[in-house]
Ligand code: BGC
């Protein structure tokens, strides 16, 4: 498998396209708006972009319900506009991943319309159908009573997202197809065609939605891993430079499947939420990081020490970081995110502390996620500089607080989170030990205690990271001499008698 070198030093920025920048005043973000802001993203120190789904869709799940994989959603622009975006990204030496949704389509997809017909056709087996209208596929919700054909169709997430058929690992009912049945194989080939189309158009790879979910009745993921290995072989043959990042949450499995990196998720066993989003988060100053570190270390070991796990500041499915972590502690959280192995992902707006907007009605299937998807706040002009539409045309209302953060005010304040993140990304860029592939060894992490300390290493370089978001001065045993500090927030650490002491609410990266 090709290693895709640029991932080694990548820092990603997640763009939720509908909410980033509206260039034509229709109340919804678009590709040309993103192009206007690429220099901003680059200036932040981000080298790559993950853009949420931007394909034709009825938008009942924000575009995770694709109606046509080959067509850019007109509200964002044309396919040519999207290609232009790829070109502008590349011109700046950056890369861009599209969001591939291989598990399900919209119920408005033409494949599904054909699949609903009683007369057999090439799409009859494109989705998971039972042979009895009253029997849903076990373990799944289903669409029933919507088709001419007899049967119920399984859905993966919302009811309007029929599940594509990649087969069952061990079929045990007449209607369950095996992974090598013609229908399941045709689905996989169709998805490879989609990938081929966009890679040829110039994207650099994919973030893959629900990558773990494709083969059914596959408890150990053996079938799904084999399926992704098949995709990997196709990519190695045709697009060896394509980067693949999975929404899976089990790196020991996804990396075997040929993904370069896997996300740590806010659901599942990673304890990621212990750090940022729970009643007492570690970076809130009164929590515990030890369960996270245990799970993280186990994952690294299980995935052969590769450690290519992406830790996001947030994403379009989570409550915003700013709801739980306040003030200078956000800087300490970013000193963590930007010093961990794997590629960090910054969710748009987190760099200025954008807030979770409470009390919004659900928009486009967002439900409680809607509050984390509000328009980006650029400046103090109308609509916070997001776009020129009348305020009531904004597809999600803005944060109405009079003191809402903006990019303009953050840029003007030398002490802002934004300016701190710029320092952090610049130091990370200068030190391979801090980047995706450097080793990590946790040197201090005790249940309910502070600080968290670890050493990152690569080649001849070793860097000690110390994070103390608590309100206490704390110490930990460390005998190696601390060298030059390459980053500090707050007072620097002091070393005496085999122990290192750090002041409340501080972070530091030290050469050792
Ligand atoms: C995406 C969600 C989406 C779901 C269904 C996820 O994991 O991140 O936003 O609703 O998949 O496609």
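The values are calculated or read from the model by the stated rules, or taken from the named source; none is laboratory data. What you are looking at is a predicted structure, and each value in this text was computed from that prediction instead of being measured. Here Cβ is always computed from backbone atoms with ideal geometry, including for glycine, and neighbour counts include all displayed protein chains.
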Report summary line: Going through segment 361-379 in order, the residues found to be farther than 30 Å from residue 424 by Cβ and more than 16 Å from the ligand (Cβ to nearest atom) are 361
Report summary line: Exactly one of 296, 272 is closer than 28 Å to residue 448 by Cβ, more than 16 Å from the ligand (Cβ to nearest atom) and buried (at least 21 other Cβ atoms within 10 Å of the Cβ), and that residue is 296
Query raised in the report: Taking segment 50-99, which residues are under 18 Å from the mean Cα position of the chain (by Cα) and either away from the ligand (no atom under 16 Å from the Cβ) or assigned to a loop (DSSP other than H, G, I, E, B) (or both)?
Result: 52, 53, 54, 61, 62, 63, 64, 65, 94, 95, 96
Query raised in the report: How about segment 232-246: which of its residues are in contact with a helix residue (DSSP H, G or I) (Cβ under 7 Å, 6 or more places away or on another chain), surrounded by fewer than 21 Cβ atoms within 10 Å (Cβ to Cβ) and not in a helix (DSSP H, G or I)?
Result: 239
**Report entry** Residue count, segment 360-391 (criterion: surrounded by 21 or more Cβ atoms within 10 Å (Cβ to Cβ), farther than 11 Å from residue 27 by Cα and in contact with a helix residue (DSSP H, G or I) (Cβ under 8 Å, 6 or more places away or on another chain))
**Finding:** 4
Query raised in the report: Among the residues of segment 167-186, is there at least one that is surrounded by 14 or more Cβ atoms within 10 Å (Cβ to Cβ) and within 16 Å of the ligand (Cβ to nearest atom)?
Result: no
Report task. Go through segment 320-350 and count every residue that is under 15 Å from the mean Cα position of the chain (by Cα) and closer than 17 Å to residue 405 by Cα. Result -> 7
Requested in this report: Looking only at segment 112-127, decide whether some residue is more than 13 Å from the ligand (Cβ to nearest atom), surrounded by fewer than 22 Cβ atoms within 10 Å (Cβ to Cβ), closer than 22 Å to residue 224 by Cβ and modelled with pLDDT of 95 or more.
Outcome: yes
Requested in this report: Sort out which residues of segment 380-425 are within 16 Å of the ligand (Cβ to nearest atom) and assigned to a helix (DSSP H, G or I), and write them in order of number.
Outcome: none
Requested in this report: Could you tell me which residue of segment 171-180 is farthest from residue 215 (Cα to Cα), considering only residues that are in contact with a strand residue (DSSP E or B) (Cβ under 9 Å, 6 or more places away or on another chain) and assigned to a loop (DSSP other than H, G, I, E, B)?
Outcome: 175
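Residue by residue, here is whether (1) in contact with a strand residue (DSSP E or B) (Cβ under 8 Å, 6 or more places away or on another chain); (2) part of a loop (DSSP other than H, G, I, E, B) holds:
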| residue | (1), (2) |
| --- | --- |
| 18 | no, no |
| 26 | no, yes |
| 34 | yes, no |
| 45 | no, yes |
